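No value in this document is a laboratory result; all are computed from the given coordinates. In this text the structure is predicted, and so the values were computed from the model without any measurement. Ideal geometry is used to build each Cβ from the backbone, glycine not excepted, and the neighbour counts take in all protein chains shown.
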Amino acid sequence: MPSIDIQVLEDVFTPDEKAEMIRRVTDAFGRVSGDTLKNGTTVRIHEIKSGSWGWGGQVLTTADGNAMRSSG
């Protein structure tokens, strides 16, 4: 069945926020695909260690992720 992977920097989102992401992504997928596929959908959140992610040639840290969240 469908599998959705989300990658985020570690310690940027709380456990409650990650649980909400899982629910909302599953619900959004279900609105497009229907309940049968929604009910078989898995969502995984992968936390990437601080300093192990690059964006535009720059190394991102947890502090960078938190700064991005607070500016948006």
Residues of the range 11-57 classified as closer than 18 Å to M68 by Cα, touching a helix residue (DSSP H, G or I) at 6+ places or on another chain (Cβ under 6 Å) and of a type outside the set (A, V, I, L, M, F, W, C), total: 2
Boolean, R69 is among the charged types (D, E, K, R) and touching a residue at least 12 places away in the same chain (Cβ under 8 Å): yes
